[in-house]
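J.: Handing you this structure, nothing more for now.
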Amino acid sequence: MNLLIKLVILFLLSACAQEPAPVHKAKVLSFGTYVDVTLYGVTEERARKAILQVEAQLNVMHEQWHAWRPSNITALNDNLRSGKQFSIDVDMLPLVAQSKKLYSASNGYFNPAIGELIELWGFYKDDPQSNKSIPEASVIEDYVTNLPTMDDVHIENDFVYGSNSRLKLDFGGYAKGYGVEQLIRYLRKNGIENALINAGGDIKGIGSVGKRAWKVAIKNPKTEAPLAWLELKDNESIFSSGSYLRYFEYEGKRFHHIINPKTGFPSEGSSATTVITEDAAVADAAATALMIAPQEEWLDIANQMGITHFLIIDAQGTLYCDDLFAKRLQLITTEQQLTIVGALTQI
């Protein structure tokens with residue numbers, strides 16, 4: 001009888017040891033921000049291996065896609081400006097191909113070809129707040145007159161060539177989302193079905209936390225406090241863009257890093273945007289495009305890019321969103337009012 005009791009106790013202890021710990025969290029520095037990885041429903045050892053692999057992949061992405069330090073992107077740009085046809089790295093081809101499609105769908109507001117313009121504005125440095133000047137208006141005008149776009153990047157099979165000598169690809173408004181999407185695919189491929197990746201407030205979630213949905217905050221661009229809360233559905237990405245992220249001040253005026261390719265100057269009108277769709281790369285690009293676009297183009301661009309929800313905050317703090325997003329948002333205070341600008345067809 002004593003032996004039977006001991007065997008039962010050993011069995012129960014063994015079963016408990018094999019049960020997965022509920023939540024595993026890790027913080028990784030990459031893409032100039034902290035990337036938080038949260039996993040649910042896996043063992044501690046499995047979570048540790050997955051997080052190490054995520055960190056390794058993030059480090060590779062950061063090195064390959066850096067806009068101004070030697071990287072795959074800078075090498076690609078050197079080749080594009082030569083005008084000669086060349087073979088492109090197999091890992092870079094999907095990045096370039098998708099960005100061409102997103103450029104067209106955004107009515108040209110998402111334009112990764114304007115790296116030279118972003119550099120002119122002094123954002124090719126880790127600390128842009130040290131900037132002491134802005135570009136001459138004549139220099140900006142000349143650039144916009146000969147504006148390079150993603151239509152100047154030509155793909156023929158596995159070969160690429162450029163048709164504008166000012167081409168300089170910069171995936172700062174897109175690479176983070178593309179990277180998050182790849183990481184989620186890696187986790188799913190390895191049997192992890194419940195995870196949340198938060199790259200400095202840009203988030204994708206799959207599955208849930210037990211019986212609860214992943215709950216995320218939308219930042220208030222004017223304060224550190226959240227503006228609203230939202231429960232994510234399975235496989236949703238929620239990405240934001242804002243004038244408060246990277247900027248410098250010159251002669252009493254703030255100049256931020258989101259440049260309107262059609263004017264050559266930092267975008268005006270909106271202070272922050274938040275979008276939801278499944279593909280994190282699309283969400284990243286759309287958040288940038290809608291930050292720049294005028295209000296009369298918001299619905300068209302969102303529909304063309306396949307966005308399911310959007311929230312835009314103008315310079316005065318007025319909130320605009322689509323009709324279904326208004327039902328999902330849990331605003332922190334009743335003082336915030338939502339202005340519904342219409343319905344999206346991509347539901």
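The values are calculated or read from the model by the stated rules, or taken from the named source; none is laboratory data. Since the structure is predicted, the reported quantities are computational estimates derived from the model, not experimental observations. With ideal geometry, Cβ positions are generated from the backbone for all residues, glycine too; neighbour counts draw on all protein chains shown.
J.: Could you tell me which numbered condition SER237 fails, if it satisfies all but one of (1) polar (S, T, N, Q); (2) outside any loop (DSSP other than H, G, I, E, B); (3) under 30 Å from PRO135 (Cα atoms)?
T.: (3)
J.: Considering every residue within the stretch 54-73, establish whether at least one is in contact (Cβ under 8 Å) with a residue 12 or more places away in the chain and in contact with a His (Cβ under 6 Å, 6 or more places away or on another chain).
T.: No, there is no match, as no residue in the stretch 54-73 is in contact (Cβ under 8 Å) with a residue 12 or more places away in the chain and in contact with a His (Cβ under 6 Å, 6 or more places away or on another chain).
J.: Limited to the stretch 293-314, what total is found for residues that are closer than 17 Å to ASN111 by Cβ and buried (at least 17 other Cβ atoms within 10 Å of the Cβ)?
T.: Number of matching residues: 4.
J.: Another question about this same structure. Pick from TYR109, TYR124, TYR103: which is aromatic (Phe, Trp, Tyr) and assigned to a helix (DSSP H, G or I)?
T.: After applying the criteria, what remains is TYR103.
J.: So ASP323 passes all but one of these: (1) without any contact (Cβ under 8 Å) to a residue 60 or more places away in the chain; (2) crowded, with 17+ Cβ neighbours inside 10 Å. Which condition number does it fail?
T.: Unmet for ASP323, out of (1) without any contact (Cβ under 8 Å) to a residue 60 or more places away in the chain; (2) crowded, with 17+ Cβ neighbours inside 10 Å: (2).
Listed here are the residues, each with its yes/no results for (1) closer than 26 Å to SER30 by Cα; (2) under 18 Å from the mean Cα position of the chain (by Cα).
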| position | (1), (2) |
| --- | --- |
| ALA75 | yes, no |
| ASP89 | yes, no |
| VAL96 | yes, yes |
| LYS100 | yes, yes |
| ASN107 | no, no |
| PHE110 | yes, yes |
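J.: So for the stretch 267-286 (the condition being closer than 27 Å to ARG166 by Cβ, among the hydrophobic types (A, V, I, L, M, F, W, C) and surrounded by fewer than 20 Cβ atoms within 10 Å (Cβ to Cβ)), does at least one residue qualify?
T.: no
J.: May I pose another question? Which residues, taken from the stretch 257-281, are outside any loop (DSSP other than H, G, I, E, B) and under 21 Å from PRO148 (Cα atoms)?
T.: Within the stretch 257-281, ILE259, PRO266 meet the criteria.
J.: Output the residue which, of all residues in the stretch 68-118 that are among the β-branched types (Val, Ile, Thr) and under 18 Å from ALA287 (Cβ atoms), is surrounded by the most Cβ atoms within 10 Å (Cβ to Cβ). Outline the logic, then answer.
T.: Initial filter on the stretch 68-118 (among the β-branched types (Val, Ile, Thr)): 73-74, 88, 90, 96, 114, 118.
Now drop any that are not under 18 Å from ALA287 (Cβ atoms), which leaves 114, 118.
Numbers: ILE114: 26, ILE118: 21.
Only one residue tops the list, namely ILE114.
J.: Quick check on my filter: what residues within the stretch 186-217 are basic (Lys, Arg) and within 18 Å of VAL282 (Cβ to Cβ)? Let's see the steps before the verdict.
T.: Narrowing the stretch 186-217 to residues basic (Lys, Arg): 188-189, 204, 211-212, 215.
Result: ARG188, LYS204.
J.: Identify the residue in the stretch 1-41 that is β-branched (Val, Ile, Thr) and modelled with pLDDT of 95 or more and, among all such residues, is nearest to ALA195 (Cα to Cα).
T.: Per the stated criteria, the residue is THR38.
J.: Here's a follow-up. Please work out which residue is surrounded by the fewest Cβ atoms within 10 Å (Cβ to Cβ), limiting yourself to the stretch 147-206 and to residues that are assigned to a helix (DSSP H, G or I) and of a type in the set (Val, Ile, Thr).
T.: Here is the first cut: in the stretch 147-206, the ones assigned to a helix (DSSP H, G or I) are 150-152, 175-189.
Filter once more, keeping what is of a type in the set (Val, Ile, Thr): 180, 184.
Values: VAL180: 27, ILE184: 21.
This residue is ILE184.
J.: Exactly one condition in (1) modelled with pLDDT under 95; (2) assigned to a strand (DSSP E or B) is not met by LEU311; state its number.
T.: It fails just one condition, (1).
J.: Let me ask something else. Residues of the stretch 126-172 being polar (S, T, N, Q) and under 30 Å from SER30 (Cβ atoms), which ones? Lay out the reasoning, then the answer.
T.: Step one: of the stretch 126-172, the residues polar (S, T, N, Q) are 129-131, 133, 138, 145-146, 149, 157, 163-165.
Listed by number, the residues that qualify are GLN129, SER130, ASN131, THR149.
J.: Pick from ILE118, ILE88: which is touching a strand residue (DSSP E or B) at 6+ places or on another chain (Cβ under 9 Å), within 23 Å of THR33 (Cβ to Cβ) and of a type in the set (A, V, I, L, M, F, W, C)?
T.: ILE118
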